[in-house]
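Heads up, the thing below is written out as structure tokens.
No value in this document is a laboratory result; all are computed from the given coordinates. Nothing here was measured: the structure is a model prediction, and the numbers come from that model. Cβ placement follows ideal geometry from the backbone for every residue including glycine, while neighbour counts extend to all protein chains displayed.
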Amino acid sequence: MPLASKTLVDSPIPLYTSYSNGKKAKAKAKFMLVSSLNRPHLFACKGLEIAVPTPNLSNQLPKHVDVATLSNLCVDIVLNVPQLPPPSPLQRRAFMDRLALSPPHKKYWEAGGNCNMAIAAARLGLNCISIGHVGKEIYGKFLSEVLHDEGIGLVPVANDDIVNNSSSTSNSASYETLLCWVLVDPLQRHGFCSRADFSKEPAFHWMSKLSREVKMAIKNSKVLFCNGYGFDELSPGVLLSAMEYAVEVGTSIFFDPGPRGKNLSTGTPEEQRALNQFLRMSDVLLLTSDEAESLTGIGDPILAGQEFLKRGIHTKWVIVKMGSKGSILITTSSIACAPAFKVNVIDTVGCGDSFVAAIAYGFIHNLPKVNILAIANAVGAATAMGCGAGRNVATLEKVVHILRSSNLNEDDEFWTEILEKNVIAQEITCLWNVRNVSRNHINIVSFDQVVSELLPKLEFPQTVGNVPT
């Protein structure tokens, strides 16, 4: 096939400043190739023609950032309350307004949302940035300081000129840092309130297109992580633009629809289209078993994962989180599963976010799939042992301690029931602690073997290679 004509030009996207281990990275000159081959393909799906961006494989410059998170940056304010707010939206809004009248002490503040994933990933040794909006008020300064202290770069979704000009003529509250009130009752049940819950449009609806800085951040990252809560802040069009640009520049996309997935699937036409595109174009999908069932109508987690793979265009992995039982990683040719760890659970907030961070770690480092699930389960368990998320997510020391403990929640009956129904896969691999376990058609991997392979990588970080293709 003849090569298309290409022109070497200075990149119109200025470099952003990122932090690694609290130090500013030096800017380097970058160039990009403009090719006449960079045109989207068209796919027809149930009568709807959808443009699918084409990866620019000829322009694979080194990517110096491991993980970029997109949107969903907020400050969690964690408060103990006598009872959770009522279900009525009007009553919940009044409840939240009463709380906001007097800002609580800073000791109740914590970084939340995608900060959880970024902090957990940075503590595993990954170079991370967060793309999103934080205001210039006290909460925004707090969030910026937390990210900086964790060695995470912050890339604004809009430059200061846009924010300053718009906020002076519009509702200034739309430009403030998003707050999420995390309310805990005496029975340790959680309730969540934020201003995004009471608006028909995204919190940052004034953000209409990707800035050059955001595009450069996406282009320079190996993985772009998005979740369903991003739709609370940015419009479906902006999120789609980020996804399409990531595909174009060869950045792998991780997507976790979360609890918002079900509502998005029946939301506005724009929300439905964006959700479907993320589910089809993401390299890695992450869902709980309930979320997988709600989006596919299939109760069996493995069959649901295989359904996502059938529907997908770029989908390589589907990871189903099974709560206290463990997790499953499904590809077109294999199934891997690993039981969870037995730990003293204090708080489950942030467990799913930190779990994703470990999956990204394994994906970037090309680890065996069962090893990836083992470390992800360990990171999630380490987070559950703390109170709250943000700076309380898993530390590397806690993860190593859990791996060394070998205290797996092995439910032989549960895994037998799940796996025996899915022996048609080319390969089934299961992590197990007990030696000399045999199952038909299932490859049992010793936990001791996995730990012996993981610990040197965690305790003596290695150079990251290319991500899977």
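General remarks:
- When only the Cβ of Lys, Arg, Asp and Glu is charged (+1, +1, -1, -1), the dipole of segment 64-277 relative to its Cα centre reaches about 260 debye.
- Label-point separation, Ser334 to Leu309 (7 Å along Cα→Cβ), nm: 1.1
- Least to most buried among Ile346, Ile428 (fewest other Cβ within 10 Å first): Ile346, Ile428
- Distance in nm between pseudo-label sites at Gln83 and Arg212 (7 Å out along the Cβ direction from Cα): 5.7
- Potential extension, Ala173-Thr268 segment - 0.36 nm per residue separation minus Cα distance: 31.7 nm
- Full extension of the chain between Arg391 and Lys106 gives 101.2 nm of extra length, using 0.36 nm per residue less the Cα-Cα distance.
- Using a Förster distance of 35 Å, the FRET efficiency for Asp412-Leu187 (Cβ separation, nearest 0.05): 0.65
- Förster-model FRET efficiency, 35 Å R0, His205 and Ser324, C-beta, rounded to 0.05: 0.35
- Low-density loop positions, trypsin sites (Lys or Arg not before Pro), segment 330-424 - DSSP coil, at most 11 other Cβ in 10 Å: Lys421
- Between the amide H of Asn409 and those of Ala340, Phe341, Lys342, distances stay under 5 Å, these residues lying 5 or more places away or on another chain, with hydrogens modeled in the peptide plane.
- Taking 0.36 nm per residue of separation and subtracting the current Cα-Cα distance, fully stretching the chain between Leu90 and Ile138 would add 14.6 nm.
- Residues Arg273, Arg195, arranged from fewest to most other Cβ atoms within 10 angstrom of their Cβ, appear as Arg273, Arg195.
- Label-to-label distance, nm, for residues given as Gln426 and His148 (7 Å Cα→Cβ offset): 5.0
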